Structures are given as structure tokens and as C-alpha cells.
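Please treat every number below as a calculation from the coordinates, not as lab data. Note that the structure is a prediction, hence the values are computed from the model and not measured. Glycine also receives a Cβ, built like all others from the backbone with ideal geometry; neighbour counts cover every protein chain displayed.
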Amino acid sequence: MFKEIKLAFYIITISLFLFLTSKYYFSDVNIKNYFRKINNIDQSIKNIGEKLIVLESDTENIIQDVDKNNDTNKKTKNFSFWELLNNND
């Protein structure tokens, strides 16, 4: 008898929680507050974006191309992976 009352109490508590949560979530007050917060966030992003300082680019002509043929100190190893596959007689 006690287990049945406990089980009924758990079911009532869980169903009441789900009902009240869904009622609040889908209420007009919550939906209005949600859209107000989104609009406030969008406006604050626009305001912050207008206050940002745009810096000039100082990274022009800093990349230098290196030729492998001009590097005489290192010997490059020619990889022969495809030759290993083709020479499989």
C-alpha cells in the first residue's frame, strides 16, 4: 500500500513539474521577454561594433618565397613511393 502511494506521489510530482514548466515556457510573457533580450543583444553588438577601432594592416610584404633549388646545403631525397608499387613483379 505504501509503495502504491509513493508511486502515485512521484507520478503526480513529475507530471505537475512538466505541466508547469511547459506552461511557463510557452506563455506569452516568456516569449516577449525572450525576443526583447534578443533585440537588446543585437543592439549592444551593433553599438560595440561601431566603437571598435580599425587598425591598418602592417603585414604587407613579410612573406618571402624560398626556392628549393637555391638551397645547396641540403640534399633533397626523392621519394619513390609509386615506383615501389609499380616494381612489384
Kirkwood estimate for segment 3-42, i.e. one over the average of 1/r between Cα atoms, Å
12.2
Inter-site label distance for residue 85 and residue 38 at 7 Å from Cα along Cβ, in nm
5.2
Placing unit charges on C-beta atoms (Lys and Arg positive, Asp and Glu negative, everything else neutral), compute the dipole magnitude of segment 1-63 about its Cα centre in debye, rounded to 20.
720
